[in-house]
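The values are calculated or read from the model by the stated rules, or taken from the named source; none is laboratory data. These numbers were taken from a predicted model, which means no experiment stands behind them. Please note: Cβ atoms are built from the backbone with ideal geometry, for glycine as well, and neighbour counts cover all protein chains shown.
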Amino acid sequence: MLMTNLAIGLPLVILAVVIHFVGLVGLSSLLNRKWQQHPGRLESTLWQGFSIVVVVNGLFAHNLNQITLYALVYLGLGEFETVESAFYFSISTFTTVGFGDIVLEPEWRVLAGIESAIGFLLIGWSTAFLVSLTSRIGSIKVISE
């Protein structure tokens, strides 16, 4: 069963990383385009705040995409009877909270561990992206003053 977990889990990791990367590139592109169109706006605290809100919501949406991917796999494996249960389990696993009130059958535990590991990395990547953005915005504010 370990090999089956790896055969399903590793392609999901690759797909989740690609989804995340594309999402970050999209957010970066959107922000750069808006900042180039309206360079003076970036000095506005309101515009900076709006940019951060857009990024936080974009990051949340991208992480939900990956959570949904895993939830659909769990449904496909027949581990859950409802979308809500699969989604709830996937959220708690991806975020490494792992409440334990809903669990997989023993033969799929490694797959849940893989989701937890990639979730930890991708949430960290999202955080690093957000910190980088706020640092960039902060340095623009300081330079402009």
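Kindly indicate whether GLU84 is free of Cβ contacts under 8 Å to residues at least 60 places away in the same chain, crowded, with 18+ Cβ neighbours inside 10 Å and more than 23 Å from GLY23 (Cα to Cα). When the stated conditions are applied, GLU84 does not pass them.
Sub-9 Å Cβ pairs linking a first residue in the stretch 1-23 that is farther than 16 Å from GLY124 by Cα and of a type in the set (Val, Ile, Thr) to a second residue that is modelled with pLDDT of 95 or more and outside any helix (DSSP H, G or I), at least 6 apart or interchain, are ILE8/LEU77, ordered by first then second residue.
Residue pairs whose Cβ atoms lie under 9 Å apart, sitting 6 or more positions apart in sequence or on different chains, and linking a residue in the stretch 90-108 that is acidic (Asp, Glu) to a partner that is crowded, with 18+ Cβ neighbours inside 10 Å, are ASP101/SER92; GLU105/GLU79. Being under 21 Å from ILE114 (Cα atoms), surrounded by 14 or more Cβ atoms within 10 Å (Cβ to Cβ) and under 15 Å from the mean Cα position of the chain (by Cα) is the requirement here; does TYR74 meet it? So TYR74 fails the test. Checking the stretch 10-27 against the condition returns no match, with no residue being farther than 30 Å from LEU77 by Cβ, surrounded by 12 or more Cβ atoms within 10 Å (Cβ to Cβ) and either at pLDDT below 80 or more than 26 Å from the chain's Cα centre (by Cα) (or both).
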